[in-house]
Every structure is written in structure tokens, then in C-alpha cells.
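One structure below.
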Amino acid sequence: MLKKSSLVLWGAALFIAWNGLLLLFLWSRPPSSSSSSSSDGTDRLTADVIRLAQDAETELERQKDLLRQIHRYSGLWGRRRGGQPTPKPPPTPPQPQPTTPDVVLPVLVLACDRSTVRRCLDKLLLYRPSTQRFPVIVSQDCGHAETARVIASYGDAVAHIRQPQLGDVSVPPEHRKFQGYYKIARHYRWALTQIFRTFRYRAVIVVEDDLEVAPDFFEYFQATFPLLLADRSLWCVSAWNDNGKEQMIDVARADLLYRTDFFPGLGWLLLAELWDELEPKWPQAFWDDWMRQPEQRRERSCIRPEVSRTMTFGRKGVSHGQFFDQYLKFIKLNDRFVPFTQLDLSYLKKDEYERSFLPRVYAAPEIKVEELQGNRRREAGAVRLQYSGRDSFKAFAKALGLMDDLKSGVPRAGYRGVVSFVYRGRRVYLAPPKDWAGYDPTWS
């Protein structure tokens, strides 16, 4: 109440002071010149009085407005002091989704003992549009001296942090050959904790040291970040298409993006809120397959591109090149810049996506795999292959060159069971029946 009284007294004093100055000015005015006629003097005096009256009226309105503001704010102060709620401002109309051009999205590079991390860093720094908006942080495990020297050679262009626990991880006897997977999970946990707890970033783009990025890598993530903020049915944005071999994509549609229920990884964006959720239960090993379990995914999806914005050149690793020679080395890396921040990506929000994507899938005529392989029924345009179970899905996938493994029942790049790809220049949807009831984890 003391602050309220002071504000009112201050306003009243200001009001009185102004009017005192006005009266002093009127009293101290010099008399009109005797050389002027009586009529001219009277006219000038009248004009002066009118002008002063108008000025005084204007200033009085300002003073009244000032007193009204003082009264309003002192009332708000009194209500807060008295425990009464502050009135809510009137609702504002919905605003368009911001493109957040100045958001800081750090890139976390997970490194270990591959000095070829230089290839990854060279492309990141070449395509990075801003050092302030996209700081590059390399987190190194393993303590490998040559790799450390390569990272250090970039000077202030990148930040270099080191995972301090370099010893073996205690693992069950049957998992001794998987020691590397345990160390990777430990490194991820430490590095992401540094990003979100120590550096306190809002989000992060995660890549590994064997990834090369596309020219529009940063543009892609900057444009999709607002979607991740706005749509809580999303939990990541990935730069990767698991079926992104050149003959299985529409290279002319590098702007095309999808929702997928499969966690792709290999260059992905997550929010701090997701790490708050995952960190307390982070697994000891096989973190990426753990992410694909229903308990973690919780029916959320990721965004993924038609044409990958990353490619892997790392045949060497703890997986000993699993899938590399058959699939990964053939992934097409996008080579042209798409101005994603200038495009309307609202079609990727859950409700809008399902209103357009699913009707398009089930409107496509169903054909047999033999007809597709024989390049028949070309007049049909986009077509649909229907699978009825795990075995038929895997048979179709193998016959057509798709990745056929399932994680917790979810096919790679699939959305509501549908995998979209290109076969011999035509769009194909490998899809379950229209009355699909959800993923069956026993299909894994």
C-alpha cells in the first residue's frame, strides 16, 4: 500500500506543479508595446490567450491520462498485494507459426576413434549459414589421440568436449561381444546431458562422425523445428530415409517430406523436453532400438525426407558394416538446395497429414507384385501393394529391394503401416488393409 500511496502523491504533485508554472507564465507576461494601436494590442492579446488556453487544455488532457495510468497500475499493485488475481488480457487472434529464423540449433557430433571425422566436419562447416545459430560441438569418446588432433585442428570453429569415462562398461557375460554398444549408449547419455543440462540448449541436431550432410541440411532443420514445437504427436525430425536408394526415390521431389512411425536416427533433431523424458530411463546399450519400442515412442512420429540429407561413409564401426554393403552405401544424398523455410510445411501436422496421405494411399489401385515387377498397368499411375501379415510384408520388401526388418513391428520409413517408395519410376505404397488396427510388436 505504501507504493500505491507514493504513486498517487507523485501524480498529484506533478499535476499541481504544472498548473503553478502555467499561472506564473501568465502573470509574468510583459505589457503590450505602446507603439501599437489599442486594437492591434487587443487582437494579439486575445490570440495569445486563446493559444495558451489551447496549450493548457492539451497538457491537462495529458495529465489526466497520466493520473488514470497511475490509478490503474496502483490498483493492479493493490490486488496483487491483496492476493486477488490480475485480470487476464483480452485474447489475441491466432498467429501464423513462426519460422524462428534466429533460434540456436547446435549440432552435436558424436566421435570416437575415426580420424575421418574430418569429412563430416568439413561439410558441416562448409554449409553452415551462421556460426551463432548453429554452433558445432564435437563430443569425443575413446580418447583416440589422432582423432583428437583432427578435431583440434579446427580451432574455434568447433567446440571439443571429451567423455571422461573411458573404461569398459560392466556387461552381462552373454553381452561381452556387445561392449561397444554399451559404450555408445554411455557416450550418448553423457553428451546429451552436456547439451541440455550444462549448456542448456533448447534443442539439438545429433550426427555421428561418419555422416556427410547435404547442402540444405541446416535449412531443413531450421524449417522443421517449428513443427516439432507445435505438434506434440511428433518427437523427432530425421534427415534420413531408410529406403533412400536412388532408384527408390523421386529425385525431382527433393522438397517432399513425410511422417514416419519408425525412428530413423542418422542426423536427427530433438527437444530438451524429450531428453527430460528419456534421460532417467536411458538404456545401457542398443539405444536406437530402445527408442523404437512402444514404451518410448508412445505413438509419436518423426519427420523424414524423400531424399536423405545425410549419407554414411562409415563401414567401420561396432556393427561391423551391418547393412552397409547392401543398403547404406547406396543411399542418395540430396545435392541441391531446397528453401524449406519459404515453404508451407503445415501438411505434416498430424490431422492434415492423415486427411491427405491416407486417402491418397487407399485410392491407389491395388496390384499384384508380379504386375509391378513386370512393369504392367503403367496407366494406373501410383499403385498399392497390400500385405496381410509379417511374412507377406517381408516377402514383398525383399522382392522389391526395401529394407525388410521390423522394429517393434514398425517397418522402416512406415507411417500407419504404409511404406512409400518408387519402383521403376512409379510411386508404390506397400500398405496394410484399410482397417489396419495398429502395429504388432511380435512381428519383430
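Straightening the chain between Thr131 and Glu299 buys 56.9 nm, computed as 0.36 nm per residue apart minus the Cα-Cα spacing.
Full extension of the chain between Lys281 and Arg200 yields a length gain of 27.2 nm, computed as 0.36 nm times the residue separation minus the alpha carbon distance. Derived scalar couplings between HN and Hα for the range 169-179 equal 9, 5, 10, x, x, 6, 10, 4, 6, 9, 3 Hz in order, rounded to whole Hz, by the Karplus curve 6.51 cos²θ - 1.76 cosθ + 1.60 (θ = phi - 60°), x for Gly and Pro. Rounded to the nearest Hz, the phi-derived 3J(HN,Hα) couplings of the range 436-444 under the Karplus curve 6.51 cos²θ - 1.76 cosθ + 1.60 (θ = phi - 60°) are 3, 10, x, 6, 10, x, 6, 6, 5, where x marks glycine and proline. For the range 364-431, the carbon plus sulfur part of the accessible surface works out to 43%, probe radius 1.4 Å. Could you tell me the distance between the Cα centroids of the range 256-299 and the range 352-379, to the nearest Å? Here the answer is 30 Å between Cα centres.
Remark: the range 269-423 carries 46 Å² of accessible area per residue (probe radius 1.4 Å; ligands, DNA and RNA excluded).
When the alpha-carbon atoms of the range 364-431 are used, the pair Rg, Dmax equals 11.3, 37 angstrom. Backbone amide hydrogens, once placed in the peptide plane, bring Gly414 within less than 5 Å of Asp261, Phe262, excluding anything fewer than 5 places away on its chain. For Tyr423, the amide hydrogen comes within under 5 Å of the amide hydrogens of Val428, counting only partners 5 or more places away or on other chains and with H modelled in the peptide plane. Take every DSSP beta bridge whose two residues both sit in the range 364-431; close to 60 percent of them are antiparallel. Distant-in-sequence amide contacts of Lys245, defined by a placed amide H-H separation under 5 Å and a gap of 5 or more residues or a different chain, comprise Lys332.
Shown in residue order for the range 331-342 are the 3J(HN,Hα) couplings computed by the Karplus curve 6.51 cos²θ - 1.76 cosθ + 1.60 at θ = phi - 60°: 5, 7, 8, 4, 10, 10, 7, 10, x, 4, 5, 9 Hz (x for Gly and Pro). Classify the range 107-332 from the C-alpha gyration tensor, please: rounded if a/c falls under 1.5, else prolate or oblate depending on whether a/b exceeds b/c. Rounded shape, in that the Cα axes give a/c under 1.5. Cross-link partners for Lys394 among the aspartates and glutamates, with Cα-Cα distance under 17 Å and sequence neighbours closer than 8 places in the same chain left out: Asp242, Glu370, Asp404, Asp405, Asp440. Once the C-beta distance of Arg378 and Ala159 is scaled by a Förster radius of 51 Å, the resulting FRET efficiency is 0.45 to the nearest 0.05.
The values are calculated or read from the model by the stated rules, or taken from the named source; none is laboratory data. Remember, predicted model here, so these are calculated numbers, not experimental data. Cβ coordinates were reconstructed from backbone atoms using ideal geometry, including for glycine residues, and neighbour counts include every protein chain displayed. To get the accessible areas, we keep the full protein, side chains included, count just its heavy atoms, and leave off ligands, DNA and RNA. Shrake-Rupley method; radii C 1.70, N 1.55, O 1.52, S 1.80 Å.
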